[in-house]
1. Can you tell me the 0 to 90 degree angle between the C-alpha axis of helix 191-217 and the longest principal axis of the chain, rounded to 10?
2. Tell me, which longest segment in the chain has none of the chymotrypsin sites (Phe, Trp or Tyr not before Pro) that fall in DSSP loops with at most 14 further Cβ atoms within 10 Å?
3. Let me have the relative contact order for the chain, percent, based on Cα pairs under 8 Å that are six or more residues apart.
4. Specify which residue in the list Thr182, Leu414, Leu45 is farthest towards the positive end of the charge dipole of the chain, using unit charges on the beta carbon of Lys, Arg (+1) and Asp, Glu (-1), about the Cα centre.
5. Give the average over all directions of the projected area of the C-alpha convex hull of the chain, one decimal, in nm².
6. At 222 nm, what helix-only mean residue ellipticity would the chain give, in deg cm²/dmol to the nearest 500, using -39500 (n - 2.57) for each DSSP H run of four or more?
7. Ile239 to Ile427: FRET efficiency via 1/(1 + (r/R0)^6), r the Cβ-Cβ distance, R0 41 Å, to the nearest 0.05?
8. Of Ala264, Ala431, Val379, which is farthest towards the positive pole of the chain's charge dipole, taken about the Cα centre with +1 and -1 on the beta-carbons of Lys, Arg and Asp, Glu respectively?
Amino acid sequence: MTAGLWMLGMLGLVLILTGLPAWIALLGVALVFATGGVVAGAFPLALLSAIPGRLLGLLENDLLQALPLYVLMGALLNHLPLARALFRTGSRSLHATGAGAPLAGLGLGLLLAPMNGSVGASVATLARTVLPRLREGGLSTERSAALVCVASTFGVVVPPSLVLILLSDAMMRAHTEAVNATGIAARIINTQDLFIGALVPAAMLLGLYVCIAWQTSRHAARHALPPSPSRREQIAAVIAGLLVLALLTSVTLGYLYAVEAAAAGGVALLIYGIFSRALARNALREVLRDTMTISGALFALLVAATVFTSVLRDFGTDRWVSAALAGLPGGPPVVLVVALGCLALCALVLDAFEIIFVIIPVLMPPVLMKIGDATLVAVLALMILQVSFLAPPFGYAVLMVRNAAREAISLRGLTRSLAPYLFAQVIVLAAILAWPGLLRHRDAPGGPSAGSATTPIDEQTRMLQRQLDQNADEVPPFGANESDAPRH
């Protein structure tokens, strides 16, 4: 049963030592262990025949239609001059605060990260657009890099990002398994539950980040007036910013499906690029190539992760993990801490998508068997992932920014610059644990959160019996005297 743990260890070594794409590493490790499992008699060859059916069922999910559309929006924002126009307009508008460029950088990350989804893609865009301008504005290399690190992780917690869409699907499957295994009566978590649940923590983080960026940058940055954007750039930046915010808000609050919003945003950006002549044939070719490349990589990762987890389940590792977590002393709090610690360790090696596709399907079902609040568990997982991505020296965002920077970045200086942002994350994490009600909104379009308390079947039976008993007290049986009515 522990063969799946060796699979995960081998996967980490392959990713670190070879630098191969994650989907190739996943398929390779799964093929090697599947062959070994069949030869050793751990499971029959016929058991692997269920994998094609699982893949077909997975790819028929309507939610995946939003994935390439989100990628298209991100590619258009990256290739069109909108990112530069947004940053220049924001820097000029916020100059009076003394930290116009840093605040504009955070705002640009807030708009781009939900579409990019991947931390690596966000780092590539922000390092090219924001990092040089921050340095020109007088910020040190380390503080500029820290700001880019933080802005690149907005896609992990800000709804309705690709990360949250895919995590909601993975959590829905895990919650379904947990409900079926425990026999509790609960509404299964859905995408809207996670969007609404992540809204308040994301707003708290953004507010703290803005305060930190303003406090740490207003004395360090030079106060020379930044270059004024042209009138056309200002108009384009305002329209694009309002459009993206409106679409993201509509999806988060449930007024639009993610597919509808991404399609509308993609069409609007295409129209802007054509009429502004910014999207020439070569640029359009690059946008389509990037969209196909990133979308293909994500679907390949999804398919490879499904094969990997199928082989892992064939070894019975999921049952071993469930038994191990169930046997931990201390009850649900200890189970939650151990699960979040495992996610934090995985985030040092894997990107958010890889964690969602590989780790969540194995780790979360036994956790949700102990903890019924699926929304709370999902939001805590998002927070832990973001902390891990920003934790020096091996945080994923930290490594990506240091690789993308054109000059050497002191690890000590970067750690010191990231410390206030990490402390802000700890504050929000503590607030969620202290007041889980922050994640529930009664006015949400989707109704009560799926993470609301679940009611066991036995408890429902007792509640029904009490109601029947009360009715029996009030209405005596036909033909009986009132004194003959049963009393309880």
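1. For 191-217 against the chain, the angle is about 40 degrees.
2. Working: sites that count: Tyr255, Phe394, Phe478.
Looking at the chain, 1-254 is the longest stretch - no exposed chymotrypsin sites (Phe, Trp or Tyr not before Pro) with at most 14 other Cβ atoms within 10 Å.
3. Values: 655 pairs, mean separation 120.8, N = 488.
After rounding, I find 25 percent.
4. So the residue furthest toward the plus end is Leu414.
5. Working: hull surface 117.7 nm².
So the Cα hull casts an average projection of 29.4 nm².
6. Numbers: 22 runs with 347 residues, N = 488.
Per the formula, -23500 deg cm²/dmol.
7. Details: r = 35 Å, r/R0 = 0.86.
FRET efficiency, Ile239 to Ile427: 0.70.
8. Towards the positive end, the residue furthest out is Ala264.
Every read-out reported here was derived from the displayed coordinates using simple, explicitly stated rules and does not represent laboratory data. Small disclaimer: the values here were computed from a predicted structure and weren't measured. When we count neighbours, we look across all protein chains shown, and the Cβ atoms used for this are built from the backbone with ideal geometry, even at glycine.
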